[in-house]
Every structure is written in C-alpha cells, then in structure tokens.
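The values are calculated or read from the model by the stated rules, or taken from the named source; none is laboratory data. Keep in mind that this is a model prediction, so the values were computed, not measured. FYI the Cβ positions are ideal-geometry reconstructions off the backbone, even for glycines, and counts take in every protein chain you see. Just the protein is used for accessible areas: all its heavy atoms, side chains included, with ligands, DNA and RNA removed. Shrake-Rupley method; radii C 1.70, N 1.55, O 1.52, S 1.80 Å.
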Amino acid sequence: MRKLISSIGFLCAALLILASPGAHAQATRTWVSGVGDDVNPCSRTAPCKTFAGAISKTAAGGEIDVLDPGGYGAVTITKSITIDGGGTMASILASATNGINVNAGANDVIILRNLSINGAGTTLGLNGVNFLAGRKLVVENCTFENFSQSAISVAPIGAAQVVIADSSLKASAFGVTVSTANSSSAISVLVSNTKAIENANAGISATVPAGKPGMGVFLDRLTSEFNNTGVLASGSGAIVTLGNSVIQGNANGVVQTGGGSVSSFKNNAISNNGVDGTPLTGISLN
C-alpha cells in the first residue's frame, strides 16, 4: 500500500510539472485568428486572437501566421521573429499608440510581411513601426496610414540594417524617418518599390544630428508624391542615393540641408514639384 501511495504521489507531481506554464516549449510557428482566443496554445487548430498573445508563445526566430481577416492589435517585439499576414487582411489599428514597437537584441532579425497598419481613431497613432533596437528589420508588402509621427520610424541605438520593400506609406506626418540621434554606429536603409504619398512633411527623411554617426539610405524605385518634401537629407553624414525613382507633385522635391547629400543614378524623374531641387552629384551607370 505504501508503494502504491508513493507511486501516486510521484505521478501527481509529474502531472503538476507538465501542467505548469513553463513546462511547454514555445512553438516555432504559431497562428492567430479573428475568432481565436489568447488563452489558446496558438496552434493551427486552436489559434490566438492577437499578435501580443501569440508572441509570448512563439520561439525566438519563429513565425506568427494569420488565418483569416481581423484586427490583431499593437505588439512589442523583443526577439527575432516573423509576423506574416499571408493572403488575408491582417491589420493593426493603433490609435494613440505605436502599431509595432521593435526593441530587440543586437543580433535579432525582425520580419514584418503582408500587414495593414492604421493609426486612425479619435487620436491618431504615433508610429506605424517604431524601430528602437535590433540587427535587421525587414518590412515587406505592408501598408501604413494615419500616423501623427511616422509610418516607419528608424532610430535604433546601435548598428542596424533596414529593408522596406513593396510597401505604401500614406497620410502620416512622415513616411519614413531615419535618424542616428540615438545610435553609436552607422545605419543602412534600403527602400525599394515603395510609395510615400500625401505625408504632411517628408516622404523620406534622413537626419544625422551634429556629432552623430552617418547613414546610408538607398532609394530604388521609390515614388514620392504629394508630400511637403519628397526626399530630405539633413546633417553631415546623411547620405541618400536615389535611382529609378519618381519625385513629383511635392511642395519640395529633393532637399539637402546642413551637409546632407542626395546622389542620383541619373535615371530618376524629379519634376512638377513646387521646387524640384537637384541632387548634388551623379553616379555613373555601369
């Protein structure tokens, strides 16, 4: 009888350990659904309801996928992860806040794909994506609009790479802002096949404060239209390279100030702006 009681005791202890929250490994791939629930394990058949609910159950380097149309809420990212809206309408409504905060580790890679991020509400959202820290941020096929600061704000604390591709940045204070104000190292940014439209200030803004490290911003197949400024390079070390792009219909096309520079591959259309502006130097096509 004593052996039986002892065995039952060990069995109960094992079951308690298995049932504890820390006993289950995080999944490499998790899922969210508009009809999910964040108490679920975020599996394909028992999805979570929000990105914030899913991210805590997703392993570093893993992926959160979207099953169906829905609003999945603002989220803070602190590790390597991919969030993919797939072929559905995966949205974040971020009134009076940032849509996605990225405050990850120095070696982390964050990929945001197929998302619609909107700052509309009684009070506009702050930034669509607020990139504070991480090694690399990739934004692919995403749409942003209605933010009181920037659709995408890039101001990491250290060296970082950012790729923004096949995206739309609309009706915010700025489309993309890149700044080394908080950084001790250079930043490299590529914006490719992207539209910056109807932003109150600059479609693309690259700013280096005095005494801060420089940056390289490469704009390929950018369309920057109906902003106050199409492309802005401000401060010594703010180096922007422009190719295959259209800058038109802005109050100011290309603006270079405080030692900032915009170089051109000489294959851009910069016209029909209030003041077109002229890139400082040309780069030969080889």
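See the values below:
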item	result
Spans of strands (runs of 3 or more DSSP E) in region 132-220 with at least 2 residues farther than 27 Å from D84 by Cβ and open to solvent by less than 10 Å² (accessible area, probe 1.4 Å)	202-207
Condition check for V240: open to solvent by less than 30 Å² (accessible area, probe 1.4 Å), of a type outside the set (D, E) and under 24 Å from S167 (Cα atoms)	yes
Whichever residue in region 234-244 is part of a strand (DSSP E or B) and of a type outside the set (A, V, I, L, M, F, W, C) and, among such residues, is nearest to A181 (Cα to Cα)	S234
Matching residues, region 216-240, being among the polar types (S, T, N, Q) and touching a residue at least 40 places away in the same chain (Cβ under 8 Å)	S224, N227
Failed item in (1) within 19 Å of the chain's Cα centre (by Cα); (2) open to solvent by 20 Å² or more (accessible area, probe 1.4 Å), with W31 passing the rest	(1)
Residue within region 211-223 that is under 24 Å from A186 (Cβ atoms) and of a type in the set (S, T, N, Q) present	no
Matching residues, region 245-259, being in a loop (DSSP other than H, G, I, E, B), closer than 15 Å to G203 by Cβ and in contact with a Gly (Cβ under 8 Å, 6 or more places away or on another chain)	N250, A251
Long-range neighbours under 7 Å by Cβ, at least six apart or interchain, first residue of a type in the set (D, E, K, R) within region 244-265, second at pLDDT 95 or above	none
Hey, G121 touching a residue at least 40 places away in the same chain (Cβ under 8 Å) and either open to solvent by less than 10 Å² (accessible area, probe 1.4 Å) or in a loop (DSSP other than H, G, I, E, B) (or both) or not	no
